[in-house]
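Asker: Structure below; questions to follow.
Derivation of every value follows stated rules applied to the coordinates shown; laboratory data play no part. Just so you know, these numbers come straight off a predicted model, no measurement behind them. Note: ideal-geometry Cβ built from the backbone for every residue, glycine included; neighbour counts use all protein chains shown.
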Amino acid sequence: MKSARKIVLIGTGSVGASFAFAALNQDICDELVMIDLNTAKVAADAADMQDGLANFTAKVNVWHGDYSDCHDADIVVICAGIAQKPGQTRLELIQTNVKIASAITKDVVASGFDGIFLVASNPVDIISYAVWKTSDFAKERVIGSGTALDTARLRYQLSQLFNISARAINACVFGEHGDSEFVAWSIAKVAGVPLIDLLEDRQLNQEELEALYEKTRDAAYKIIEAKGATYYGVAMALTRICKAIFGDENELLMLSTLLQGEYGHEDVYISVPCILGRQGIRQVLTPELSAEEADKLAYSVKVLRENNPLIQEAK
Ligand code: NAD
């Protein structure tokens with residue numbers, strides 16, 4: 001009988017290796033298998049992490065493997081592909097990363113894998129759509145990390161501003177994980193108080209909110225400019241998502257999922273609030289947005305559909 005929590009990670013570059021390290025240290029799985037085209041690097045990463053296991057209390061196995069290891073995995077995490085270069089948008093990675101992700105998905109499905117796909121490769125909404133289409137899995141079991149990272153960035157900034165735990169901040173980044181994303185300020189709360197009430201009380205002003213949004217949206221550009229890539233933040237978001245799945249937490253997270261009529265949109269992977277548990281996305285929530293926010297969501301949907309080669313080819 002299988003009881004181990006098993007993750008197969010595909011793509012062990014900066015993001016994948018950081019996720020592997022975070023996943024091990026947060027004790028979220030019992031088995032972690034790593035696959036990468038660069039077999040020398042992935043073997044060395046596995047050996048390096050095995051060197052840490054004697055200093056770790058939990059029993060966990062980590063090794064570098066191949067696609068046959070996916071057949072009994074619970075979660076396959078896809079971090080393979082090319083990453084943004086300084087000044088490049090996520091959308092500029094589309095053609096290459098769709099091809100890579102589709103090929104990987106075919107190999108994973110051919111192994112007999114019957115678990116949950118978690119996608120991080122960018123542009124994550126379009127790559128998640130490609131994995132969903134190629135795998136023919138139920139949409140609940142193909143999840144994009146979406147704006148989980150952006151939402152964590154925003155909550156951290158608000159927590160600093162109000163000097164309060166990020167756990168007391170309910171604020172979400174909706175839409176594309178990219179330039180058309182937006183903050184749904186109309187439903188944001190700080191310690192239970194609607195953020196718009198704080199605006200009325202003049203504890204915050206509209207310019208400060210706009211600056212927070214821009215800092216969140218452009219965070220990756222700044223980090224990539226300085227050190228070439230972003231990886232720790234997304235690694236911790238991926239770890240949080242896997243933990244919610246294994247723990248059957250029914251946690252509320254901003255994730256990229258297929259819309260099927262929610263907010264009047266369909267056939268697009270995009271971030272909205274999702275309830276996540278052991279079977280994947282159990283429910284998509286649709287809190288009421290302001291008219292301006294609904295327009296922003298519609299624009300983000302348009303950007304993602306127009307840039308999705310699989311949707312454009314099918315027309
Ligand atoms: P990287 O170049 O460091 O690593 C990519 C890895 O993918 C390499 O090790 C490469 O060998 C491997 N790879 C490529 N094709 C493969 C294939 N067919 N099979 C197996 N492995 C393959 O890049 P990175 O910085 O780790 O970024 C990885 C992806 O994650 C990029 O698309 C990046 O834009 C994305 N990313 C997403 C988020 C997010 O929030 N979703 C945040 C940061 C980066």
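Asker: Using alpha carbons only, how many angstrom separate the centre of segment 34-75 from the centre of segment 215-278?
Answerer: What the calculation gives is 24 Å, centre to centre.
Asker: For the chain, what is the charge dipole size about the Cα centre, in debye to the nearest 20, if Lys and Arg each add +1 at the Cβ and Asp and Glu each add -1 at the Cβ?
Answerer: Working: 29 positive and 42 negative charges, 96 e Å.
Rounded to the nearest 20 debye, it is 460 debye.
Asker: Tell me which lysines have Cα within less than 16 Å of Lys227's Cα, excluding those fewer than 8 residues away on the same chain?
Answerer: Reachable lysines: Lys85.
Asker: I need the Debye-formula profile for segment 190-256: one equal scatterer per C-alpha, no solvent, reported as log10 I(q)/I(0) at q = 0.19 1/Å, two decimals.
Answerer: -0.96
Asker: Separate question: Note the angle between two axes, namely the Cα long axis of helix 206-217 and the longest principal axis of the Cα atoms of the chain, as a number of degrees from 0 to 90, rounded to the nearest 10.
Answerer: Helix 206-217 sits at roughly 10 degrees to that axis.
Asker: Let me know the Kirkwood hydrodynamic radius for segment 6-144, please, with Cα pairs as the basis and the value in Å to one decimal. Before the final figure, lay out each step's value.
Answerer: Values: mean 1/r = 0.0661 Å⁻¹.
Result for segment 6-144 stands at 15.1 Å.
Asker: Give me a comma-separated list of calculated 3J(HN,Hα) values for segment 234-248, in order, Karplus coefficients 6.51, -1.76, 1.60 applied at θ = phi - 60°, integers in Hz, x for any Gly or Pro.
Answerer: Residue by residue, segment 234-248 yields 5, 4, 6, 5, 5, 4, 4, 5, 4, 4, 5, 5, 4, x, 6 Hz.
Asker: May I pose another question? Gain in length, Glu208 to Ala103, computed as 0.36 nm per residue apart minus the alpha-carbon separation, to one decimal in nm? Walk me through the intermediate numbers first.
Answerer: Working: separation 105, 0.36 × 105 = 37.80 nm, distance 4.41 nm.
Fully extending the segment from Glu208 to Ala103 adds 33.4 nm.
Asker: Listed here are the pairs Lys6/Lys139; Lys41/Lys106; Lys41/Lys215; Lys106/Lys296; Lys99/Lys139; which of them are more than 27 Å apart at the Cα?
Answerer: Working: Lys6/Lys139 21 Å; Lys41/Lys106 23 Å; Lys41/Lys215 34 Å; Lys106/Lys296 34 Å; Lys99/Lys139 20 Å.
Too far apart for the 27 Å limit: Lys41/Lys215; Lys106/Lys296.
Asker: Summing -39500 (n - 2.57) over the DSSP H runs of n ≥ 4 in the chain and dividing by its residue number, what mean residue ellipticity at 222 nm do you reach, to the nearest 500 deg cm²/dmol?
Answerer: Values: 11 runs with 132 residues, N = 315.
Roughly -13000 deg cm²/dmol at 222 nm, from the helical runs in the chain.
Asker: To the nearest 10 degrees, how steeply does helix 14-25 sit against the main Cα axis of the chain, on a 0 to 90 scale?
Answerer: 80
Asker: When the chain is treated as a GNM, springs tying every alpha-carbon pair under 10 Å, which of Lys99, Lys133, Lys227 comes out with the largest mean-square fluctuation?
Answerer: In the Gaussian network model the winner is Lys227.
Asker: Could you compute the FRET efficiency for Ala291 and Ala229, with r as their C-beta to C-beta distance and R0 at 51 Å, rounded to 0.05? Provide the component values of the computation, followed by the final result.
Answerer: Numbers: r = 38 Å, r/R0 = 0.74.
In this case the efficiency is close to 0.85.
Asker: What is the ratio of the Cα radius of gyration of segment 141-230 to 2.2 N^0.38 Å, with N the residue count, to two decimals? Don't skip to the answer; put the middle values down first.
Answerer: Details: Rg = 13.6 Å, N = 90, 2.2 N^0.38 = 12.2 Å.
Rounded to two decimals, the normalised Rg is 1.12.
Asker: Based on the mean of other beta carbon atoms within 10 Å per residue, what is the order of 68-76, 82-90, 139-147, most packed first? Present the calculation step by step, with values, prior to reporting the outcome.
Answerer: Working: 68-76: 20.7, 82-90: 14.9, 139-147: 25.8.
Descending mean neighbour count gives 139-147, 68-76, 82-90.
Asker: If one puts a single equal scatterer on every Cα of segment 147-313 and applies the Debye formula without solvent, what log₁₀ I(q)/I(0) results at q = 0.11, 0.16, 0.21 Å⁻¹?
Answerer: Log10 of I(q)/I(0), two decimals: -0.47, -1.02, -1.58.
Asker: Starting from the coordinates of the alpha-carbon atoms of the chain, obtain the Kirkwood hydrodynamic radius over all distinct pairs and give the value in Å to one decimal. List each step's numbers first, then the result.
Answerer: Working: mean 1/r = 0.0504 Å⁻¹.
With all distinct Cα pairs of the chain included, I get 19.9 Å.
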